[in-house]
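Everything below concerns the one structure shown next.
What follows draws every value from the coordinates through simple rules; no lab data is involved. Note that the structure is a prediction, hence the values are computed from the model and not measured.
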Amino acid sequence: MNRNKSLNIPRVEQLGVLDSAEALINILDEHGIRRNISSLNWPEEFPYRPLATFATAHDGKTLWIDFLVRCNYLRAENYTDQSPVSQDSCVEVFLKPEEVSLAIGKGGLNIKLASMLTEYTIDVFRELDEAIEDEDIYLDEFRDEIDGWVIDAIKAIGIDTAKAVLNAPREMLIEKTDLEEETVDEVLRILKQEFEEEEQ
């Protein structure tokens, strides 16, 4: 079942020149588009449904999103760099591959700013075609090519398959795993090579 929904996001030029979170939120509410987030992935196990909405608009360069969540079970305790933010409540955004670089911004700037404004960890993932997703390989299968501690660091952020690594933004992998850039690049090279060999 395909649950993807389309959304036409309005262009609001003045978003790029605002200097406060409050002004940004006001403009998004006034000129952007606001929608409810009504998805409940596991209704039997977790029937509680928090109030969750978002307002969004873009200025031609940046996609701006304001999340509003009212819930009895929010956790937000890790505010400093390199703290275990994955233990807090977070937002996961799934985008088409061609949209990911725009959403993240240069050096991850857009995601960092959105995280600061919303006080949420925001994880961006590329959407996968279901047929492609079925051809995935668990990371543990690569322990003969990738050091175990590197695989463990990636799995610790909730990513445990090769396609999930390849579809996660490089900047996010570096930041969340605390691995060196060269290490992440080598992992990406090995995983890409595996799927290129399968296609031949």
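Our Cα-only numbers for segment 143-200 put the radius of gyration and Dmax at 10.8, 34 Å. For K96, the lysines whose Cα falls under 22 Å of its own Cα, not counting residues fewer than eight places away in the same chain, are K5, K61, K106, K112, K163, K176, K192.
Full extension of the chain between E186 and L102 yields a length gain of 27.8 nm, computed as 0.36 nm times the residue separation minus the alpha carbon distance.
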